[in-house]
Amino acid sequence: MRTALCVLVAALVLLLSYSTSQADESYAGLVAKKAAILEDLHKRISSSLVTVAQDKAFGEYFVEQDPARRAALKQRIDEISLKTQEKFRVEEMCLIGANGAEISRIVGSVVAYDLAPDETGAVFFAPGFAQPNRQVFVSPPYVSPDAPKWVVGYATPIIVDGVTQAVLHFEHGLDVFQRLLGAQPLPGGNYMQAITDNGRVVFDSRHEIAVDKRGESESPADYFETFSLGGITLAELHGRYGDGTAGAGAIEQDGLRWEFAYRQVGTWTLIVAGSRPSS
(Lines give C-alpha, C1' and ligand atoms only; values in the text may rest on other atoms or scores of the structure.)
Protein backbone atom coordinates (compact mmCIF):
# COMPACT_ATOMS: atom_id res chain seq x y z
CA MET A 1 0.00 0.00 0.00
CA ARG A 2 2.78 2.42 1.00
CA THR A 3 4.69 1.53 -2.19
CA ALA A 4 1.63 2.21 -4.34
CA LEU A 5 1.05 5.53 -2.56
CA CYS A 6 4.68 6.54 -3.10
CA VAL A 7 4.41 5.66 -6.77
CA LEU A 8 1.18 7.72 -7.05
CA VAL A 9 2.77 10.74 -5.33
CA ALA A 10 5.82 10.47 -7.56
CA ALA A 11 3.59 10.29 -10.63
CA LEU A 12 1.64 13.37 -9.53
CA VAL A 13 4.86 15.31 -8.94
CA LEU A 14 6.13 14.26 -12.35
CA LEU A 15 2.82 15.25 -13.97
CA LEU A 16 2.84 18.65 -12.25
CA SER A 17 6.43 19.22 -13.31
CA TYR A 18 5.57 18.20 -16.87
CA SER A 19 2.51 20.49 -16.92
CA THR A 20 4.58 23.44 -15.67
CA SER A 21 7.21 22.72 -18.29
CA GLN A 22 4.55 22.53 -20.99
CA ALA A 23 3.08 25.85 -19.79
CA ASP A 24 6.50 27.50 -19.93
CA GLU A 25 7.03 26.15 -23.42
CA SER A 26 3.60 27.39 -24.46
CA TYR A 27 4.25 30.93 -23.28
CA ALA A 28 7.74 30.86 -24.79
CA GLY A 29 6.32 29.61 -28.09
CA LEU A 30 3.65 32.31 -28.17
CA VAL A 31 6.06 35.15 -27.45
CA ALA A 32 8.55 33.76 -29.98
CA LYS A 33 5.89 33.89 -32.70
CA LYS A 34 5.01 37.51 -31.87
CA ALA A 35 8.69 38.44 -31.73
CA ALA A 36 9.24 36.93 -35.17
CA ILE A 37 6.40 39.06 -36.55
CA LEU A 38 7.92 42.24 -35.12
CA GLU A 39 11.43 41.33 -36.26
CA ASP A 40 10.13 40.65 -39.77
CA LEU A 41 8.40 44.04 -39.86
CA HIS A 42 11.60 45.82 -38.78
CA LYS A 43 13.53 43.91 -41.43
CA ARG A 44 11.07 44.73 -44.22
CA ILE A 45 10.86 48.41 -43.32
CA SER A 46 14.65 48.69 -42.99
CA SER A 47 15.17 46.92 -46.30
CA SER A 48 12.76 49.26 -48.06
CA LEU A 49 14.56 52.33 -46.68
CA VAL A 50 17.99 51.02 -47.74
CA THR A 51 16.64 50.21 -51.21
CA VAL A 52 15.28 53.74 -51.62
CA ALA A 53 18.61 55.21 -50.44
CA GLN A 54 20.44 53.50 -53.30
CA ASP A 55 18.81 55.73 -55.91
CA LYS A 56 21.67 57.59 -57.59
CA ALA A 57 19.86 60.92 -57.18
CA PHE A 58 20.93 61.06 -53.54
CA GLY A 59 24.63 60.68 -54.27
CA GLU A 60 24.55 62.98 -57.29
CA TYR A 61 22.85 65.74 -55.30
CA PHE A 62 25.87 66.11 -53.02
CA VAL A 63 28.49 66.25 -55.79
CA GLU A 64 26.57 68.38 -58.31
CA GLN A 65 27.78 71.99 -58.53
CA ASP A 66 25.39 73.34 -61.15
CA PRO A 67 22.42 75.03 -59.37
CA ALA A 68 19.89 74.09 -62.05
CA ARG A 69 20.97 70.48 -62.08
CA ARG A 70 21.01 70.40 -58.30
CA ALA A 71 17.43 71.76 -58.21
CA ALA A 72 16.37 69.03 -60.64
CA LEU A 73 17.93 66.41 -58.38
CA LYS A 74 16.10 67.87 -55.40
CA GLN A 75 12.84 67.50 -57.34
CA ARG A 76 13.77 63.91 -58.15
CA ILE A 77 14.35 63.24 -54.42
CA ASP A 78 10.90 64.69 -53.63
CA GLU A 79 9.37 62.37 -56.24
CA ILE A 80 11.17 59.37 -54.75
CA SER A 81 9.80 60.27 -51.32
CA LEU A 82 6.25 60.59 -52.64
CA LYS A 83 6.46 57.18 -54.33
CA THR A 84 7.84 55.70 -51.13
CA GLN A 85 4.92 57.12 -49.15
CA GLU A 86 2.44 55.76 -51.69
CA LYS A 87 3.96 52.28 -51.47
CA PHE A 88 4.77 51.99 -47.77
CA ARG A 89 2.34 54.52 -46.20
CA VAL A 90 5.02 56.28 -44.16
CA GLU A 91 3.90 59.16 -41.94
CA GLU A 92 6.84 61.39 -42.81
CA MET A 93 10.06 61.03 -44.83
CA CYS A 94 13.00 63.39 -45.04
CA LEU A 95 16.57 63.81 -46.19
CA ILE A 96 18.73 65.67 -43.66
CA GLY A 97 22.20 67.04 -44.38
CA ALA A 98 25.25 66.71 -42.14
CA ASN A 99 24.56 70.15 -40.63
CA GLY A 100 21.09 69.01 -39.51
CA ALA A 101 19.16 71.03 -42.10
CA GLU A 102 16.36 69.29 -43.98
CA ILE A 103 16.93 69.07 -47.72
CA SER A 104 13.66 67.35 -48.59
CA ARG A 105 10.58 66.32 -46.61
CA ILE A 106 7.18 64.85 -47.33
CA VAL A 107 4.37 64.64 -44.80
CA GLY A 108 1.64 62.20 -45.72
CA SER A 109 1.39 62.60 -49.48
CA VAL A 110 2.46 66.25 -49.66
CA VAL A 111 5.89 67.77 -50.29
CA ALA A 112 6.80 70.18 -47.49
CA TYR A 113 8.61 73.43 -48.24
CA ASP A 114 8.94 74.78 -44.68
CA LEU A 115 12.11 72.78 -44.12
CA ALA A 116 13.56 72.55 -40.61
CA PRO A 117 16.97 74.26 -40.24
CA ASP A 118 18.31 71.96 -37.51
CA GLU A 119 17.33 68.34 -36.82
CA THR A 120 20.52 67.39 -34.98
CA GLY A 121 18.54 66.96 -31.76
CA ALA A 122 16.14 64.40 -33.27
CA VAL A 123 16.37 61.00 -31.60
CA PHE A 124 17.28 59.30 -34.88
CA PHE A 125 19.77 61.84 -36.29
CA ALA A 126 23.10 61.04 -34.60
CA PRO A 127 22.59 57.24 -34.47
CA GLY A 128 21.38 57.18 -38.08
CA PHE A 129 24.32 59.32 -39.21
CA ALA A 130 26.73 56.93 -37.47
CA GLN A 131 25.44 53.78 -39.19
CA PRO A 132 27.63 51.93 -41.72
CA ASN A 133 26.54 51.84 -45.35
CA ARG A 134 23.21 50.04 -45.92
CA GLN A 135 22.54 49.74 -42.19
CA VAL A 136 19.50 51.20 -40.43
CA PHE A 137 18.94 52.67 -37.00
CA VAL A 138 15.52 51.91 -35.50
CA SER A 139 14.51 54.50 -32.91
CA PRO A 140 12.48 54.13 -29.74
CA PRO A 141 8.97 55.61 -30.02
CA TYR A 142 8.68 59.41 -30.01
CA VAL A 143 6.11 62.05 -30.88
CA SER A 144 6.41 63.18 -34.48
CA PRO A 145 5.78 66.92 -34.85
CA ASP A 146 4.54 66.29 -38.38
CA ALA A 147 2.15 63.35 -37.89
CA PRO A 148 1.34 64.31 -34.98
CA LYS A 149 1.37 60.99 -33.15
CA TRP A 150 3.74 58.52 -31.57
CA VAL A 151 5.95 56.94 -34.22
CA VAL A 152 8.97 54.70 -34.71
CA GLY A 153 11.73 56.23 -36.84
CA TYR A 154 14.12 54.51 -39.25
CA ALA A 155 17.30 56.19 -40.50
CA THR A 156 20.11 55.18 -42.85
CA PRO A 157 23.16 57.18 -43.99
CA ILE A 158 23.79 58.55 -47.46
CA ILE A 159 27.49 57.93 -48.03
CA VAL A 160 29.25 59.48 -51.04
CA ASP A 161 32.89 58.62 -51.78
CA GLY A 162 33.34 57.35 -48.25
CA VAL A 163 31.88 60.45 -46.59
CA THR A 164 28.50 60.49 -44.85
CA GLN A 165 26.68 63.44 -46.39
CA ALA A 166 23.17 62.97 -45.01
CA VAL A 167 20.70 60.70 -43.32
CA LEU A 168 17.55 59.41 -45.01
CA HIS A 169 14.73 58.90 -42.56
CA PHE A 170 11.12 57.87 -42.40
CA GLU A 171 8.50 57.25 -39.73
CA HIS A 172 5.79 54.67 -39.19
CA GLY A 173 3.00 55.31 -36.72
CA LEU A 174 3.14 53.32 -33.49
CA ASP A 175 -0.39 52.16 -34.32
CA VAL A 176 1.04 50.17 -37.26
CA PHE A 177 2.99 48.04 -34.79
CA GLN A 178 0.03 47.79 -32.42
CA ARG A 179 -2.25 46.47 -35.17
CA LEU A 180 0.31 43.92 -36.28
CA LEU A 181 0.96 42.59 -32.77
CA GLY A 182 -2.77 42.39 -32.06
CA ALA A 183 -3.81 40.80 -35.35
CA GLN A 184 -4.00 37.25 -33.95
CA PRO A 185 -5.61 36.95 -30.48
CA LEU A 186 -3.78 34.79 -27.94
CA PRO A 187 -5.44 31.55 -26.78
CA GLY A 188 -6.62 30.67 -23.31
CA GLY A 189 -7.15 34.16 -21.92
CA ASN A 190 -3.44 35.00 -22.14
CA TYR A 191 -2.35 38.51 -22.98
CA MET A 192 0.67 40.20 -24.51
CA GLN A 193 2.42 43.50 -23.89
CA ALA A 194 5.16 45.40 -25.68
CA ILE A 195 7.38 47.41 -23.37
CA THR A 196 10.00 50.01 -24.29
CA ASP A 197 13.45 49.99 -22.72
CA ASN A 198 12.34 52.69 -20.25
CA GLY A 199 9.55 50.44 -18.98
CA ARG A 200 6.57 51.98 -20.76
CA VAL A 201 3.81 49.72 -22.12
CA VAL A 202 3.12 50.74 -25.74
CA PHE A 203 0.92 47.75 -26.61
CA ASP A 204 -1.45 45.66 -24.51
CA SER A 205 -3.68 43.05 -26.16
CA ARG A 206 -6.37 43.60 -23.49
CA HIS A 207 -7.12 47.21 -24.39
CA GLU A 208 -6.32 49.96 -26.89
CA ILE A 209 -3.50 52.39 -26.20
CA ALA A 210 -3.96 55.74 -27.97
CA VAL A 211 -1.01 57.12 -29.96
CA ASP A 212 -2.31 60.52 -31.12
CA LYS A 213 -0.63 63.52 -29.53
CA ARG A 214 -2.66 65.17 -26.77
CA GLY A 215 -2.07 68.83 -26.11
CA GLU A 216 1.58 69.80 -25.93
CA SER A 217 2.84 66.80 -23.99
CA GLU A 218 5.50 64.54 -25.49
CA SER A 219 6.28 62.75 -22.23
CA PRO A 220 5.80 58.95 -22.34
CA ALA A 221 4.44 59.11 -18.78
CA ASP A 222 1.38 61.01 -20.05
CA TYR A 223 0.52 58.29 -22.58
CA PHE A 224 1.84 54.92 -21.44
CA GLU A 225 1.61 52.98 -18.19
CA THR A 226 4.70 51.74 -16.40
CA PHE A 227 5.18 47.98 -16.73
CA SER A 228 4.71 45.80 -13.67
CA LEU A 229 4.06 42.06 -13.44
CA GLY A 230 3.35 40.57 -10.06
CA GLY A 231 4.97 43.62 -8.49
CA ILE A 232 8.29 43.46 -10.39
CA THR A 233 9.67 45.99 -12.86
CA LEU A 234 11.05 45.39 -16.33
CA ALA A 235 14.64 45.64 -15.07
CA GLU A 236 13.89 43.08 -12.35
CA LEU A 237 12.25 40.80 -14.90
CA HIS A 238 15.37 40.89 -17.08
CA GLY A 239 17.64 40.41 -14.09
CA ARG A 240 15.84 37.50 -12.43
CA TYR A 241 14.54 35.45 -15.35
CA GLY A 242 16.49 34.24 -18.35
CA ASP A 243 19.47 36.13 -19.72
CA GLY A 244 17.87 39.54 -20.21
CA THR A 245 17.07 38.90 -23.87
CA ALA A 246 14.67 35.96 -23.33
CA GLY A 247 13.29 34.06 -20.40
CA ALA A 248 10.27 32.53 -18.68
CA GLY A 249 9.00 31.94 -15.20
CA ALA A 250 6.22 32.43 -12.66
CA ILE A 251 5.49 34.99 -9.94
CA GLU A 252 3.00 34.73 -7.07
CA GLN A 253 1.45 37.79 -5.48
CA ASP A 254 -1.83 38.60 -3.71
CA GLY A 255 -3.29 35.16 -4.30
CA LEU A 256 -2.45 35.05 -7.99
CA ARG A 257 0.15 33.09 -9.92
CA TRP A 258 1.49 34.87 -13.01
CA GLU A 259 3.13 32.65 -15.62
CA PHE A 260 4.98 34.32 -18.48
CA ALA A 261 7.68 34.31 -21.12
CA TYR A 262 9.45 37.32 -22.61
CA ARG A 263 11.71 38.09 -25.53
CA GLN A 264 13.56 41.25 -26.47
CA VAL A 265 13.27 42.67 -30.01
CA GLY A 266 15.49 45.69 -30.50
CA THR A 267 14.66 48.17 -27.74
CA TRP A 268 11.31 46.51 -26.98
CA THR A 269 10.50 43.60 -24.70
CA LEU A 270 7.53 41.45 -25.69
CA ILE A 271 5.90 39.47 -22.92
CA VAL A 272 3.09 36.91 -23.01
CA ALA A 273 1.50 36.21 -19.64
CA GLY A 274 -1.47 34.62 -17.96
CA SER A 275 -2.70 34.49 -14.38
CA ARG A 276 -4.70 32.12 -12.20
CA PRO A 277 -5.43 31.79 -8.49
CA SER A 278 -2.53 30.42 -6.48
CA SER A 279 -3.05 26.81 -5.46
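The values are calculated or read from the model by the stated rules, or taken from the named source; none is laboratory data. Note that this is a predicted model, so its numbers are computed, not measured. Note that we place each Cβ from the backbone using ideal geometry, even for glycine, and neighbour counts take in every protein chain shown. In case anyone asks, the SASA skips ligands and DNA or RNA and just uses the protein heavy atoms, side chains included. Shrake-Rupley method; radii C 1.70, N 1.55, O 1.52, S 1.80 Å.
Just a few scattered comments:
- Considering only residues in region 217-256 that are open to solvent by 40 Å² or more (accessible area, probe 1.4 Å) and without any contact (Cβ under 8 Å) to a residue 12 or more places away in the chain, the one that is farthest from Gly274 (Cα to Cα) turns out to be Ser219.
- Positions within region 188-210 being open to solvent by 30 Å² or more (accessible area, probe 1.4 Å) and without any contact (Cβ under 8 Å) to a residue 60 or more places away in the chain, in sequence order: Asn198, Arg200, Ser205, Arg206, His207, Glu208, Ala210
- Meets criteria (under 27 Å from the mean Cα position of the chain (by Cα), modelled with pLDDT of 90 or more, open to solvent by less than 20 Å² (accessible area, probe 1.4 Å) and closer than 30 Å to Gly247 by Cα) for Leu38: yes
- Checklist (1) under 19 Å from Asp40 (Cβ atoms); (2) of a type in the set (A, V, I, L, M, F, W, C); (3) at pLDDT 95 or above applied to Leu180, failing item: (3)
- Applying a threshold of 6 Å to beta carbon distances and a minimum spacing of six or more residues, or different chains, the list of pairs starting in region 46-57 at a residue that is closer than 19 Å to Phe124 by Cα and in contact (Cβ under 8 Å) with a residue 40 or more places away in the chain and ending at one that is open to solvent by 20 Å² or more (accessible area, probe 1.4 Å) and of a type in the set (Lys, Arg) reads Val50/Arg134.
- Screening region 200-278 for strands (runs of 3 or more DSSP E) wholly inside it with 3 or more residues that are more than 22 Å from the chain's Cα centre (by Cα) returns the ranges 246-253, 256-265, 268-277.
- Some residue of region 27-35 being modelled with pLDDT under 50 and either part of a helix (DSSP H, G or I) or on the phi > 0 side of the Ramachandran plot (or both): no
- Look at (1) in contact with a Phe, Trp or Tyr (Cβ under 7 Å, 6 or more places away or on another chain); (2) within 28 Å of Leu270 (Cα to Cα) and you find that Thr156 fails only one, number (1).
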